[in-house]
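The next block holds one structure in the form of structure tokens; read it before the comments.
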Amino acid sequence: MKYRSFASRVSILMVVLVSSLALVFAGTTPTYAAEIQPTAVAAEDGSIIFEGLDQLKPGEKLEYVTTTDSGDPVTIGIENATTARATKRWKIYREWLAFYDGYYINMSNNKITSTDSWWVNLVGGTYSDRTLTHTATMAEQKYSYSIQGWYSGTAWLRADVTGSGNNVKVTDGI
């Protein structure tokens, strides 16, 4: 009968132990997998709810494409525009036919701290009476528009902070 040295028995034991641990942990998921992944879903009221935004890196965006009553596609989006500061910065925007408009919100601890850098681009149209207002939980851009003198109205784009994860609900109207 051949005897193994103490060192070889310890080596075999270590291989068995490491292999056992690998099998035990192979089926587990990392702890960060429980975080809400970035999603955009339509709510019953027609708004778009953006969740898991804290998972988006600067420059990444989420978009949701819906349709108007007449079947025209409308894209509602939110983009992480955060730079090297503690406050999260989000670009809220809409694209629909002749409209491309939006603004930026700055958020800290699930509160809107400021809004700025609004824009309105209307193909073949003009706008007036534009306002950009905000509270701690809501930001809204509103303006009157006229497209080639034959179609006019009021457009608005509203962002509401919801929940505790910097989730944003975006509602639009044209």
Pairs with Cβ under 9 Å, 6+ apart, first in segment 53-66 and among the hydrophobic types (A, V, I, L, M, F, W, C), second in a helix (DSSP H, G or I) and open to solvent by less than 70 Å² (accessible area, probe 1.4 Å): 62/53
Single match in 62, 97 (criterion: modelled with pLDDT of 90 or more and of a type in the set (A, V, I, L, M)): 62
Selection count where residues are at positive phi and at pLDDT 90 or above, scope segment 40-59: 2
Scope segment 140-174; condition within 30 Å of residue 36 (Cα to Cα), without any contact (Cβ under 8 Å) to a residue 24 or more places away in the chain and over 15 Å from the mean Cα position of the chain (by Cα); matching residues: 140, 156, 173
Residue match in segment 118-139 (condition: buried (at least 16 other Cβ atoms within 10 Å of the Cβ), of a type in the set (Asp, Glu) and either within 20 Å of residue 98 (Cα to Cα) or under 17 Å from the mean Cα position of the chain (by Cα) (or both)): no
Residues located in segment 140-156, provided they are surrounded by fewer than 17 Cβ atoms within 10 Å (Cβ to Cβ) and of a type in the set (Val, Ile, Thr): 154
Qualifying positions in segment 76-114 - among the polar types (S, T, N, Q) and under 18 Å from residue 173 (Cβ atoms): none
Counted residues, segment 157-173 - those being out of contact with any Ser or Thr (no Cβ under 8 Å at 6 or more places or on another chain) and open to solvent by 60 Å² or more (accessible area, probe 1.4 Å): 2
Of all residues making up segment 90-117, the number that are surrounded by 15 or more Cβ atoms within 10 Å (Cβ to Cβ) and within 14 Å of residue 133 (Cα to Cα): 8
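The values are calculated or read from the model by the stated rules, or taken from the named source; none is laboratory data. Computed from a prediction, not measured in an experiment: that's the story for all the values here. All Cβ positions, even for glycine, are placed from backbone atoms using ideal geometry, and neighbour counts span all protein chains on display. The accessibility values were calculated without ligands, DNA or RNA, using every heavy atom of the protein model including side chains. Shrake-Rupley method; radii C 1.70, N 1.55, O 1.52, S 1.80 Å.
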